[in-house]
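Just so you know, all these numbers are worked out from the coordinates, no wet-lab data involved. Everything numeric here is computed off the predicted structure, so don't read it as measured data. As a convention, Cβ positions derive from the backbone with ideal geometry for all residues, glycine included, and neighbour counts pool all protein chains shown.
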Amino acid sequence: MRLDGIHHISCITGDAPGNLAFYTGVLGLRLVAKTVNQDDPYVYHLFYGDEAGSPGFDLTFFEYPGATRGRAGAGMVYRITLRVGSVAALEFWAQRLAAHGVPSTRDGDRLQFEDPEGLGLELAVATAGDAPLTALHKEIPTEFALQGFESVRAFGGRVAQTARLIEEVMGGVPAGASTWEFAGNARHGSISYDAPPPAPGRPGAGTVHHVAFATEREEHAGWLERLHRGGVSSTPIVERYYFQSIYYREPSGVLYELATKGPGFTVDLPLERIGRELVLPPMLEPRRAEIVAHLTPLPDPRGD
């Protein structure tokens, strides 16, 4: 069994309208699911990705309205790297971000910037050979569109113990200093660890909640058994409707998830409609009116 790269990354926002405007309007992603946090249904769970809502490019946000800005520290992911197809794409994005008032810093084949709430983002020229996962946007040429997840960087204080978990249980392959790659049947993704800053982390807007790695649906139960054989304390398999999940913390404190590659977002709506209306899992549908009353109104970013 091999983990098939990064499945999704979930973050926190205090401003769903601003978040939607940035990730769809500026970065050109598609809103592929507008739903709620199953553990706290008064909280949005917004999913952005490619045209098909593919695993491997689900960047998700929980909205806690008015949440103060957080700060990444030990045991937290602090940067998300997304793929682009060429150096020319980096030049396009540097100009586009500047036009929208977003400063960026170029370092070779990488471009670093932050979202409006301080979440660390980076674009890197793709080298893995994975199929590009792109969304359609009238202002962004297809050849310059974002193509999916490349990697994440985290602050870790117990990297030696984390390395044993990643290599011996999760099957990660060393790929540089404190970096491990997960390469499956279709996708590649990696995680790197750096020394934490002196200040402790503080969850809040602009921080990463967890990172999920992709599993094949038929192997998911096997992964749960493998974790337990490796001495890892985890949740049981949790039904998330669009996928099934297993959650656990690695020794440095980063929250990991293993998520199945299906059934995906078209379980409720046809592909052309995903993300365009609020969808609730079946167990929450009877509470729709109550839930909607607590949510921030959001426009349909692809409204006619």
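Where is the GNM fluctuation largest for the chain (alpha-carbon springs, 10 angstrom cutoff): GLY172, GLY66, GLY120?
Comparing GLY172, GLY66, GLY120 in a Gaussian network model of the chain, the most mobile one is GLY66.
The range 54-114: which chymotrypsin sites (Phe, Trp or Tyr not before Pro) are DSSP loop and have at most 12 other beta-carbon atoms within 10 angstrom?
For chymotrypsin sites (Phe, Trp or Tyr not before Pro) across the range 54-114 that sit outside H, G, I, E and B with at most 12 neighbouring Cβ atoms in 10 Å, the list is empty.
Any chance you could run the full-extension gain for ALA88 through GLU168? It's 0.36 nm times the residue separation minus the Cα-Cα distance, nm to one decimal.
Residue separation times 0.36 nm, minus the Cα-Cα distance, leaves 24.9 nm.
Picking from GLY25, ALA72, GLY5, whose Cα lies most toward the positive end of the charge dipole for the chain (charges on Cβ: Lys, Arg +1; Asp, Glu -1)?
About the Cα centre, the residue reaching furthest to the positive side is ALA72.
When the chain is treated as a GNM, springs tying every alpha-carbon pair under 10 Å, which of VAL43, VAL292, VAL208 comes out with the largest mean-square fluctuation?
Between VAL43, VAL292, VAL208, it is VAL292 that shows the largest mean-square fluctuation.
For the pair TYR247/ARG273, report the inter-label distance in nm, with labels modelled 7 Å from Cα in the Cβ direction.
Between TYR247 and ARG273, the simple spin-label model gives 3.0 nm.
Please report how far the C-alpha centroid of the range 165-242 lies from that of the range 6-60, rounded to the nearest whole angstrom.
20 Å
At 0.36 nm per residue, minus the direct Cα-Cα distance, what do THR142 and ARG158 gain on full extension? Give it in nm, one decimal, please.
Numbers: separation 16, 0.36 × 16 = 5.76 nm, distance 4.11 nm.
Here the answer is 1.6 nm.
Test of understanding: in a Gaussian network model of the chain with alpha carbons linked when under 10 Å, which of LEU227, LEU133, LEU46 would top the mean-square fluctuation ranking?
LEU227
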